[in-house]
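Trainee: The structure under discussion is supplied below as structure tokens; questions concerning it will follow.
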2 protein chains.
Amino acid sequence: MGPAPTLLERLRARGWRVTPQRRAVAQVLTGDHVHLTADDVLEGARTILPEVSLATVYNTLRDLVEMGELLELRVGNGPARYDPNTGTAHHHLVCTVCHRLVDVHPAGLDDLGLPLDQRHGYVLDEIDITFRGRCPNCVRTDTTKPRVGTGTGVT
Amino acid sequence: MGPAPTLLERLRARGWRVTPQRRAVAQVLTGDHVHLTADDVLEGARTILPEVSLATVYNTLRDLVEMGELLELRVGNGPARYDPNTGTAHHHLVCTVCHRLVDVHPAGLDDLGLPLDQRHGYVLDEIDITFRGRCPNCVRTDTTKPRVGTGTGVT
DNA sequence: GTATATGCAAAGCATTTGCATTAAA
DNA sequence: TTTAATGCAAATGCTTTGCATATAC
């Protein structure tokens, strides 16, 4: 396979006007296990280009999500988080205490489906799995009992 | 097994002060495939008791969620939805177009785990699976291509 | 040169909160 | 009687938008 086009190349190919602000935002949203809020992105972008505005960050994030270049994650009640890892199918593991978030790539789930008699006539496009638990830092101090919510209790 | 205590009995047992407002909210949040927003709940509660306020609805919803009597769902960017079906482990199927939401109980997922080498030191408590697709009403009119997002493309 | 992005400040929506009043226990 | 819930309205947090200015193409 040839060299994969970079994010900016793909954006240019879509007719995106590449500005310093957008370049800064794109640069911040690079790598694995990156799950930044809009404020995080603003902060990061400003270390590259101090005069970026929050409105531009939001506009850029929205464009990137619409283009499918960014995943918008909503874990818990806080602000949205943005994940540039759109290439590899993956799921998420969230700390119920501090909301630390990591990507997981569980094998054997790739062909996970939903039985026909459970589909209610829907045409399936996608499956998101959120594993909830307590991260190494929180599990020591936390007194909360494990929840038995929507999902399945797991040991 | 004896008769299961009703929601209001359980709430009273927890020392909850049972007011007409709370009774109205609890009555609205009854049944299967119930996934109401706070505004929906207000509307429903007002058909029972016209003077319920939105603040009380929000306070009551929050209490019920904290008590584990209600599930708070965040699908898409809209307002939270509340699901009284806490007794049976289940997952959700969401229409990406109209956001219609149904409960699903896929067999064979009950013992779904996450391999140790993928746990990043987390202690798992719960797994939420969101199936995304287009419902029977939307699949006909929708021109959107299936997305290949976080999850796995499914036929 | 022209269409589009920027930045600011104001608006918007969902949700929470302070506080005086009311009511459950 | 006491303690807690209600309702209003104001405050909050996140996100979007209108518009004049600046800039990539």
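The values are calculated or read from the model by the stated rules, or taken from the named source; none is laboratory data. Treat the numbers as computed from the prediction; the structure is a model and nothing was measured. Heads up, the Cβs are rebuilt from the backbone with ideal geometry, glycines too, and the neighbour counts pull from every protein chain shown.
Trainee: Using the structure shown, decide if A:Gly113 is away from DNA strand D (no atom under 11 Å from the Cβ), surrounded by 13 or more Cβ atoms within 10 Å (Cβ to Cβ), facing chain B (nearest Cβ under 8 Å) and farther than 27 Å from B:Glu66 by Cα.
Mentor: For A:Gly113, the condition - away from DNA strand D (no atom under 11 Å from the Cβ), surrounded by 13 or more Cβ atoms within 10 Å (Cβ to Cβ), facing chain B (nearest Cβ under 8 Å) and farther than 27 Å from B:Glu66 by Cα - is met.
Trainee: Right, A:Val75: closer than 26 Å to B:Ala80 by Cβ, part of a loop (DSSP other than H, G, I, E, B), away from DNA strand C (no atom under 12 Å from the Cβ) and under 12 Å from the mean Cα position of the chain (by Cα) or not?
Mentor: On the way: closer than 26 Å to B:Ala80 by Cβ: yes; part of a loop (DSSP other than H, G, I, E, B): yes; away from DNA strand C (no atom under 12 Å from the Cβ): yes; under 12 Å from the mean Cα position of the chain (by Cα): yes.
Yes.
Trainee: Looking at (1) within 14 Å of another protein chain (Cβ to nearest Cβ); (2) modelled with pLDDT under 95; (3) within 14 Å of DNA strand C (Cβ to nearest atom), which is the only condition B:Asp32 fails?
Mentor: Of (1) within 14 Å of another protein chain (Cβ to nearest Cβ); (2) modelled with pLDDT under 95; (3) within 14 Å of DNA strand C (Cβ to nearest atom), only one is false for B:Asp32: (3).
Trainee: Mind checking which residues of the range A:81-104 are touching a Lys or Arg at 6+ places or on another chain (Cβ under 6 Å) and more than 8 Å from every other protein chain (Cβ to nearest Cβ)?
Mentor: Answer for the range A:81-104, where residues must be touching a Lys or Arg at 6+ places or on another chain (Cβ under 6 Å) and more than 8 Å from every other protein chain (Cβ to nearest Cβ): A:Val94, A:Val97.
Trainee: Moving to a separate point now. Across the range A:46-71, which residue is farthest from A:Leu8 (Cα to Cα) among those that are within 14 Å of another protein chain (Cβ to nearest Cβ) and either touching a residue at least 24 places away in the same chain (Cβ under 8 Å) or near DNA strand D (Cβ under 9 Å from one of its atoms) (or both)?
Mentor: A:Tyr58
Trainee: Mind checking which residues of the range B:9-33 are more than 13 Å from B:Glu69 (Cβ to Cβ) and under 14 Å from the mean Cα position of the chain (by Cα)?
Mentor: Matches in the range B:9-33: B:Val28, B:Gly31, B:Asp32, B:His33.
Trainee: Give the residue, chosen from B:Ala55, B:Ala26, B:Ala107, that is surrounded by fewer than 19 Cβ atoms within 10 Å (Cβ to Cβ), away from DNA strand C (no atom under 11 Å from the Cβ) and hydrophobic (A, V, I, L, M, F, W, C).
Mentor: One residue alone meets the criteria, B:Ala107.
Trainee: With respect to A:Gly113, is the statement that it is out of contact with any strand residue (DSSP E or B) (no Cβ under 6 Å at 6 or more places or on another chain) and farther than 18 Å from B:Ile127 by Cβ true?
Mentor: No; evaluated as a whole, the condition is false for this residue.
Trainee: Does B:Asp32 meet the test of being away from DNA strand D (no atom under 15 Å from the Cβ), exposed (fewer than 14 other Cβ atoms within 10 Å of the Cβ) and farther than 17 Å from A:Val75 by Cα?
Mentor: For B:Asp32, the condition - away from DNA strand D (no atom under 15 Å from the Cβ), exposed (fewer than 14 other Cβ atoms within 10 Å of the Cβ) and farther than 17 Å from A:Val75 by Cα - is met.
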